[in-house]
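Step one of this worksheet: look at the structure below.
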Amino acid sequence: MALVASIYKGEFQLPDFSLKDAHGDTHHAKDLLGEHGLVVAFTCNHCPYAIAVWPRLVRHAATLKAMGINTVAINPNIHPDFPEDNVDAMREKLLEWKINFPYLADETQDVAKAFDAQCTPDIFMFDNKGKLYYHGRIDDYWKDETRVNTEELLPAAEAVVAGQPAPQPQHPTIGCSIKWLTNE
């Protein structure tokens, strides 16, 4: 498990990337931006933290889409030691979890490194110009959504659409560390 602090103090732009989804279709960062922005969630299939928030992410993606903010999930854990995160398993999860947005495989982990993503889930929201607006958690209780007191991602989305300053503080997300292919 890793507790990830929001590390971006200055401006951070959406990295340019192209990744394939679980069906082999290529998606480019610039084409993923919605009218008002993009949520990028680094996540996977096996991490208990990621599993706990997947239903919220799927449900919130529909709300965000209606606001003009697209969602994309990126799996950086394409690792031989974690077959439950491979592309075949991703295809199964698309159906099981009814994921209705691109779920991309970061097989080289270059995209996760470009974002300096640390764990699954790790949530980033960019405005419509690709500038990082929010890096934090979905809400204040990852483990059980019936115990959530404070939503954080959706209010941040409302603020970016309204042209307001980013909410503060932005609380770090918590999750399983990314399963890096090499020791760094």
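A short reminder: the numbers here are calculations on the coordinates, not readings from a lab. Predicted, not measured: the structure shown is a model, and the values here were computed from it. As a convention, Cβ positions derive from the backbone with ideal geometry for all residues, glycine included, and neighbour counts pool all protein chains shown.
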Before rounding to the nearest 500, sum -39500 (n - 2.57) across all DSSP H runs of length at least 4 in the chain and divide by the residue total; then give [θ] at 222 nm in deg cm²/dmol.
-> -7500 deg cm²/dmol
Convex hull per residue volume in Å³, alpha carbons only, for the chain | 111 Å³
Any idea how far the Cα center of segment 15-49 sits from the one of segment 101-141, in Å?
-> 8 Å
Indicate the helices, whole DSSP H runs only, in the chain that combine a mean Kyte-Doolittle hydropathy of 0.0 or more with a Cα extent along their long axis of 20 angstrom or more.
-> 48-66
Setting aside same-chain residues fewer than 8 positions from Lys179, which lysines have a Cα under 22 Å from its Cα?
-> Lys20, Lys93, Lys113, Lys143
Neighbour-count order for Met90, Met67, Met125, fewest beta carbons within 10 angstrom listed first = Met67, Met90, Met125
Percent RCO, i.e. relative contact order, over the chain, from Cα pairs under 8 Å lying at least 6 residues apart = 31 percent
Normalised by the number of residues in segment 121-184, what is the relative contact order in percent for Cα pairs under 8 Å and 6+ residues apart?
-> 33 percent
Under a Cβ-Cβ limit of 4.7 Å, which cysteines in the chain have nobody to pair with?
-> Cys44, Cys119
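Can you tell me what percent of all Cα-Cα pairs in segment 119-184 are more than 15 Å apart?
Details: 1216 of 2145 pairs.
Percentage above 15 Å: 57.
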Within segment 79-132, which trypsin sites (Lys or Arg not before Pro) sit in a loop by DSSP and count at most 15 neighbouring Cβ atoms inside 10 Å?
-> Lys98, Lys129
